[in-house]
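K.L.:
I am attaching a structure below and will ask some questions about it afterwards.
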Amino acid sequence: MTDVPRRNWAGNVTYAARRFHRPSTLDELRRLVAGSQRLRAVGTGHSFNRLGDTTGDLVSLAGLPPTVEIDRERGTVTVAAGLRYGDVATRLHAEGLALANLASLPHISVAGAVATGTHGSGDGHRNLAAAVAALELVTADGSRLAVDRADARFAGMVVSLGALGVVTRVTLDVVPAFELRQYVRRDLPVEALDAAFGSAYSVSGFTSWRSSTIDHVWRKQLADQPPPPADWLGTTAAEGPVHPVPGLDPVNCTLQLGVPGPAHERLPHFRMGFTPSSGDELQSEYHLPREAAAGALAALDGMRDRIAGVLQVCELRTVAADELWLSPNQGRDSLAIHFTWVDDAAAVLPVVAQVEQALAPFGPRPHWGKVFTLDPSAVAAAFPRHADFAALLAELDPAGKFRTELLDRYFPRA
Ligand SMILES: Cc1cc2nc3c(=O)[nH]c(=O)nc-3n(C[C@H](O)[C@H](O)[C@H](O)COP(=O)(O)OP(=O)(O)OC[C@H]3O[C@@H](n4cnc5c(N)ncnc54)[C@H](O)[C@@H]3O)c2cc1C
């Protein structure tokens with residue numbers, strides 16, 4: 001097939017698969033999975049590492065029927081797993097419903113985002129995977145498996161790293177539709193970061209590590225709340241729309257300057273139909289316990305010149321704790337420190353390793369879909385349910401059909 005991506009969005013990974021597939025029915029998918037030795041699903045390819053790569057069959061679910069089924073009584077929507085969040089959110093909005101939070105871009109598939117523990121920001125908001133109420137997947141032998149929160153294994157199966165089967169349907173919690181206004185403020189003192197995070201529905205801080213303040217704060221607040229006062233936390237208001245990456249055109253970004261709009265058009269920083277972020281980049285991200293935030297930022301401050309030398313922008317967000325085994329936020333409210341690097345792996349990787357070293361005392365957990373080089377023992381120690389997930393892998397995929405090199409490194413076979 002020609003319409004399955006051969007490379008990831010960033011272009012730093014060319015998939016090693018021998019065959020590419022785009023089934024149009026569930027039965028076709030089941031036969032494909034049952035008959036394959038090695039297989040992985042791909043979503044929209046927005047991950048930056050080889051977690052989802054395979055030497056066998058790579059399968060996209062974009063050809064399956066794009067179902068969206070709302071259950072108002074339960075407060076859920078069940079969607080075809082390959083749908084993009086932006087499409088789901090638009091459909092929900094038309095029905096007076098919304099998702100409680102979204103990532104910085106609406107372009108990503110539901111299954112791919114959930115599999116890596118993708119998140120937005122907000123002291124009171126968990127990551128996108130925590131909104132999953134049920135899943136349906138095709139397991140290694142081609143059979144169908146449906147699980148929900150009542151299943152003891154469920155908490156291990158949502159942030160699955162794509163390693164437990166091909167997820168075909170995802171049920172998500174929904175909330176009544178709501179409106180937000182987005183204000184961008186400049187030059188937040190680092191000491192005021194906590195107050196800024198706690199001040200609104202969803203808050204992100206952006207820094208280039210070239211100044212002593214947080215360069216921009218994106219404050220996404222409920223539309224009926226008063227705008228921040230002129231002297232809010234010592235900041236000044238941005239005079240016009242801005243892009244998170246200094247110098248780029250804000251036309252790609254969701255509306256700012258306090259213009260009210262539906263939550264799904266304000267929670268992401270980037271608009272559907274436009275390039276998110278810069279497009280020429282690598283990304284890394286680490287989740288730290290919230291109480292370690294000041295120490296972790298101080299540790300990075302000590303190497304700010306090295307970071308700044310290969311950085312486009314660094315984003316700081318908060319995520320509430322959940323119970324999903326491989327969630328970067330499992331059991332702890334978190335500060336997420338994200339790096340949009342320049343598109344030069346040779347220059348970036350040594351700095352990634354130095355960042356990891358600086359953060360090591362604080363128990364960093366990596367974003368599973370971004371560039372990281374942490375030692376497997378450090379990753380195992382950072383996720384208390386690591387061994388439980390390894391057991392789940394052995395149970396659901398005994399022959400290693402969904403295994404990849406990166407998975408073998410972090411979850412070695414027994
Ligand atoms: C510009 C940009 C901005 C980003 N912003 C954020 C952000 O705000 N917050 C954040 O947390 N992350 C962010 N990310 C990272 C992104 O959300 C994750 O990498 C996410 O996994 C991408 O989803 P995808 O559909 O592209 O997944 P893919 O990269 O296609 O796949 C990711 C993993 O999911 C597996 N998978 C995909 N589909 C299925 C399926 N049907 N069944 C089983 N496994 C499956 C794959 O095998 C792979 O292991 C950003 C990425 C980019 C490029």
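K.L.:
Which helices of the chain meet both criteria: a Cα extent of 18 Å or more along the helical axis and a mean Kyte-Doolittle score no lower than -1.0, with helices taken as whole DSSP H segments?
P.N.:
Length and hydropathy pass: 345-359.
K.L.:
For the peptides 133-146, 330-343, what is the packing order when you average, over each peptide's residues, the other Cβ atoms within 10 Å and list the highest mean first?
P.N.:
Listed from highest to lowest mean packing, they are 330-343, 133-146.
K.L.:
Stretched out fully, how many nm does the piece from Ala378 to Phe274 gain, at 0.36 nm a residue minus the Cα gap?
P.N.:
Taking Ala378 through Phe274 to full extension adds about 33.7 nm, to one decimal.
K.L.:
Given the convex hull over the Cα atoms of the chain, what projected area results after averaging over all orientations, in nm²?
P.N.:
Computed as one quarter of the Cα hull surface, the answer is 18.4 nm².
K.L.:
Still on this structure: What is the magnitude of the charge dipole of the stretch 25-123 about its Cα centre, with +1 placed on the Cβ of each Lys and Arg, -1 on the Cβ of each Asp and Glu, and no other charges, expressed in debye to the nearest 20?
P.N.:
Roughly 260 debye for the stretch 25-123.
K.L.:
In the stretch 246-344, which GluC sites (Glu not before Pro) are in a loop and have at most 16 other Cβ atoms within 10 Å, using DSSP for the loop call?
P.N.:
Sparse-neighbourhood loop GluC sites (Glu not before Pro): Glu323.
K.L.:
Expressed as a whole percentage, what fraction of the accessible surface of the stretch 106-203 belongs to carbon and sulfur atoms when a 1.4 Å probe is rolled over the protein heavy atoms?
P.N.:
Summing carbon and sulfur atoms, their accessible area is 52 percent of the total for the stretch 106-203.
K.L.:
Continuing with this model, one more query. Give, in nm to one decimal, the length gained when the segment between Ala230 and Ser24 is fully stretched (0.36 nm per residue of separation minus the Cα-Cα distance).
P.N.:
Computed gain between Ala230 and Ser24 is 68.7 nm.
K.L.:
Name the residues whose placed amide hydrogens come within less than 5 Å of the amide hydrogen of Ala41, ignoring near sequence neighbours (fewer than 5 apart) on the same chain.
P.N.:
Val59
K.L.:
Turning to a different aspect of this structure: Between Thr67 and Ala298, what length comes free when the chain is fully extended (0.36 nm per residue of separation minus the Cα-Cα distance, one decimal in nm)? Each step should come with its number before you reach the end.
P.N.:
Numbers: separation 231, 0.36 × 231 = 83.16 nm, distance 4.69 nm.
Length gained, Thr67 through Ala298: 78.5 nm.
K.L.:
Separate question: Classify the stretch 257-386 as rounded, prolate or oblate, taking a ≥ b ≥ c as the square roots of the eigenvalues of its Cα gyration tensor: rounded when a/c is under 1.5, otherwise prolate if a/b is larger than b/c and oblate if not.
P.N.:
Verdict is oblate for the stretch 257-386.
K.L.:
So if we plug the beta-carbon distance of Ala399 and Val251 into 1/(1 + (r/R0)^6) with R0 = 35 Å, what FRET efficiency do we get, rounded to 0.05? Intermediate values should be presented prior to the final figure.
P.N.:
Working: r = 49 Å, r/R0 = 1.40.
In this case the efficiency is close to 0.10.
K.L.:
Take Ala387, project a point 7 Å from its Cα along the Cβ direction, then tell me which residues of the stretch 345-378 have their backbone nitrogen under 16 Å from it.
P.N.:
The answer is 377-378.
The values are calculated or read from the model by the stated rules, or taken from the named source; none is laboratory data. The model shown is predicted, which means the values in this text are computed figures rather than measured ones. Cβ sites come from the backbone with ideal geometry, for glycine too, and all protein chains shown count toward neighbours. Each accessible area value is taken on the protein alone, full model and side chains, heavy atoms only, with ligands, DNA and RNA left out. Shrake-Rupley method; radii C 1.70, N 1.55, O 1.52, S 1.80 Å.
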